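**Q** The structure is given below, and queries will be raised subsequently.
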Amino acid sequence: MTLTLIDRTRRTGPDIDHATEQGADRDVAPETPPAQASGPAPRRAAGREADGLAVASFVLGLIGLLAFNVLLGPTAIVMALLSLARRTRRPGRAYLGLALGVADLVVLAVLVTVNGTVAWNLGA
């Protein structure tokens, strides 16, 4: 078995030069850089993470209206801002989580102003 290597830079002739100028060199396959080969996978992972942050901010903001608004309100705001910064595919949920987080803080401010405490007072 014989292996022959051809150096294309040293071959000359009108048919070789003309084919190389037109980009018709079909013997060599174009190489794909490693950055392009692994490009879409990290984007999908970042998109899923941002979508998860948007949903989590919505859920935490909703729960924060009922309980633990001191902790869950700011957490919902931070998660919503992170998901918007990472370009989530669910911006509506991120904005809703942001609004609910702010509403949690407003409810907290009203409770502190009315009752003088950070606790719900539902009865007598």
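**Q** How far apart, in nm, are two points set 7 Å out from the Cα along the Cα-to-Cβ line at LEU105 and at ALA67?
**A** Simple spin-label model gives 2.4 nm for this pair.
**Q** Which distance in nm do the two modelled labels at VAL59 and VAL114 give, with both placed 7 Å along the Cα-to-Cβ direction?
**A** 2.9 nm
Every read-out reported here was derived from the displayed coordinates using simple, explicitly stated rules and does not represent laboratory data. Everything quoted here is computed from the prediction, not taken from an experiment. With ideal geometry, Cβ positions are generated from the backbone for all residues, glycine too; neighbour counts draw on all protein chains shown.
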